[in-house]
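The values are calculated or read from the model by the stated rules, or taken from the named source; none is laboratory data. For clarity, every value in this text was computed on a predicted model and none was experimentally measured. No Cβ is skipped: glycine too gets one built from the backbone with ideal geometry, and neighbour counts run over all protein chains shown.
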Amino acid sequence: MSIEKGKVCSWQLLFLVAGFVQGSVLLIDFAVGITEHQTWMVILAGLVVSAPFILSYAVLAKRFQGMNVIQVNDLVYGRFLGKVVSVYYIFFYLMTLSFNIRDVGELYITFLMPDTPFIFLLIGFTATCAYAVYKGIEVLARVSHLFLITGMFVIISTFALLIDQMDFSNFLPLFELPFIRIFQGIHLMSAIPFGETIVFLMIIGSLNKTEHAIRNTFIGLLIGAISLLIVSVRNTAVLGKTQTIWTSTSFQSIRLIDIGTVLTRMDFLIGIAQTVLIFFKCSLFFYALAVAVAQLFGLKSYLPLVLPLAGIEVIIAATVFQSPVDHAGITQNAGIIYSAPLMFVIPPLTLLIAKIRGLPRHERGKDA
Amino acid sequence: MIFLLFAYAFIITVNVPGLIKRKEWRELTVFSILCIIAFVLGLMYVLDIPVPSPMRGLQHLIVDILGIKYPEN
């Protein structure tokens with residue numbers, strides 16, 4: 001039995017995926033410290049590396065039509081092992097959501113509202129996400145194109161306004177960094193913006209038609225990746241080597257916009273865009289978390305769990321890291337290593353087992 | 001502390017009457033467990049008791065015990 005009654009159109013999936021990937025625009029900064037001026041390369045390489053795995057997510061969701069990943073795990077791995085795998089998924093959703101909520105808090109405390117208590121920023125933001133989750137996936141999907149347009153507008157307009165300050169020699173030399181740093185950068189990129197699309201295994205089950213699910217997932221992914229690429233190119237071309245010393249490269253580059261001393265201090269644009277995009281990403285994660293927990297316990301609805309989960313998320317977000325430096329340090333190592341099996345092993349393995357066992361049986365029997 | 005109590009009084013007032021009315025006991029049980037966890041975490045935060053970080057535990061397991069890590073940049 002499906003917990004979610006709302007339905008998502010196939011083309012809305014495109015906007016959901018694109019907006020979700022765009023929501024990671026702030027997290028490029030984690031890679032900048034590692035891959036410096038070659039960040040644009042690792043974004044492209046990360047996309048190429050993660051594409052087959054994302055294909056496996058889409059194929060898996062299409063094979064088990066109308067089911068979320070928790071139901072699929074029970075069916076493929078059996079009740080006990082399925083629950084263990086589901087707990088891994090839930091832990092990932094729980095932690096990633098808390099990191100993203102913390103990102104917004106850190107963004108505001110560092111750049112926009114330094115005197116506001118950190119916990120109040122987290123409470124306000126989480127409460128807003130909880131409200132969106134209460135409204136359901138259908139409502140989020142219906143407004144998804146607005147989030148994407150807002151993000152694209154800010155990314156393209158700031159790129160255009162900074163063109164006169166760009167120095168494309170900042171990208172040279174092309175292959176200067178040691179391989180291990182490039183590898184870490186690719187791992188980071190394939191895990192954070194792209195691998196996190198594993199959250200859609202909780203959402204694709206709500207599609208009314210799955211015919212174009214794979215195509216729309218990939219178009220969305222491509223739009224999201226292009227957005228990240230534009231931001232990365234802009235920051236490197238404007239800031240050059242100095243981009244590694246800033247806490248937020250996007251903020252720093254946007255602060256340099258000066259058109260005839262009239263258009264200056266445009267960093268509020270980045271503040272708005274990043275808040276909106278991370279809100280969208282967090283809402284999708286929060287929705288996936290609430291539905292996954294409700295499905296695990298066999299509940300009829302996820303709605304009663306939204307507020308208690310919000311309470312847990314706020315405290316985890318407030319205490320999980322000691323500082324932004326600690327946040328970056330742990331994310332660049334344990335953060336991307338612990339989630340690797342979930343993103344790169346379990347979905348293809350689930351698909352393989354389902355194929356060998358001929359699952360789901362009743363659906364395929366009907367088709368035959 | 002007062003804010004925390006008000007917040008959880010609000011959460012309980014919003015959810016519990018409906019769950020009891022619809023006799024959704026399983027939902028009520030999971031809701032209560034999550035509420036207790038959230039309240040205890042909130043209380044620890046308010047009283048300045050260190051809340052254990054799952055990521056710190058994972059970092060210890062992956063980096064210190066298993067030795068899987070990327071070199072320092």
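For the stretch A:86-137, give me each residue that is of a type in the set (A, V, I, L, M) and touching a Ser or Thr at 6+ places or on another chain (Cβ under 8 Å).
In the first step, residues of the stretch A:86-137 are kept if they are of a type in the set (A, V, I, L, M); the result is A:87, A:90, A:94-95, A:97, A:101, A:104, A:107, A:109, A:112-113, A:119, A:121-123, A:127, A:130, A:132-133, A:137.
Across the stretch A:86-137, the qualifying residues are A:I101, A:V104, A:L107, A:I109, A:A132, A:V133, A:I137.
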Single match in A:I254, A:I337 (criterion: among the β-branched types (V, I, T) and within 13 Å of chain B (Cβ to nearest Cβ)): A:I337
Residue tally, condition part of a helix (DSSP H, G or I) and modelled with pLDDT of 85 or more, over the stretch A:334-368: 21
Residue in the stretch A:291-314 that is closer than 29 Å to A:V49 by Cα and more than 14 Å from chain B (Cβ to nearest Cβ) present: no
Scan of the stretch B:59-73 for residues that are at the interface with chain A (Cβ under 7 Å from one of its Cβ atoms) and in a loop (DSSP other than H, G, I, E, B), ordered by number: B:I68, B:K69, B:Y70, B:P71, B:N73
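Evaluate the stretch B:26-45: report whether one residue or more is outside any helix (DSSP H, G or I) and more than 9 Å from chain A (Cβ to nearest Cβ).
Within the stretch B:26-45, none of the residues are outside any helix (DSSP H, G or I) and more than 9 Å from chain A (Cβ to nearest Cβ).
Which residue, of A:F120, A:F91, is within 30 Å of A:I356 (Cα to Cα) and either within 14 Å of chain B (Cβ to nearest Cβ) or touching a Cys at 6+ places or on another chain (Cβ under 8 Å) (or both)? Working first, answer last.
On the way: A:F120 fails: within 30 Å of A:I356 (Cα to Cα).
Selected residue: A:F91, the only one of A:F120, A:F91 that is within 30 Å of A:I356 (Cα to Cα) and either within 14 Å of chain B (Cβ to nearest Cβ) or touching a Cys at 6+ places or on another chain (Cβ under 8 Å) (or both).
Would the stretch A:105-113 turn up any residue that is within 12 Å of another protein chain (Cβ to nearest Cβ), of a type outside the set (G, A, S) and surrounded by fewer than 21 Cβ atoms within 10 Å (Cβ to Cβ)? I'd like the intermediate steps shown before the answer.
Within the stretch A:105-113, the first condition is being within 12 Å of another protein chain (Cβ to nearest Cβ), and the residues that meet it are none.
Scanning the stretch A:105-113 turns up no residue that is within 12 Å of another protein chain (Cβ to nearest Cβ), of a type outside the set (G, A, S) and surrounded by fewer than 21 Cβ atoms within 10 Å (Cβ to Cβ).
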Residue in the stretch A:156-188 that is surrounded by the fewest Cβ atoms within 10 Å (Cβ to Cβ), counting only those that are within 14 Å of another protein chain (Cβ to nearest Cβ) and of a type in the set (A, V, I, L, M): A:I180
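Among the residues of the stretch B:15-25, write down those that are facing chain A (nearest Cβ under 7 Å) and among the hydrophobic types (A, V, I, L, M, F, W, C).
Restricting attention to the stretch B:15-25, the residues satisfying the condition of being facing chain A (nearest Cβ under 7 Å) are B:15, B:19, B:24.
Residue satisfying the conditions is B:L19 alone.
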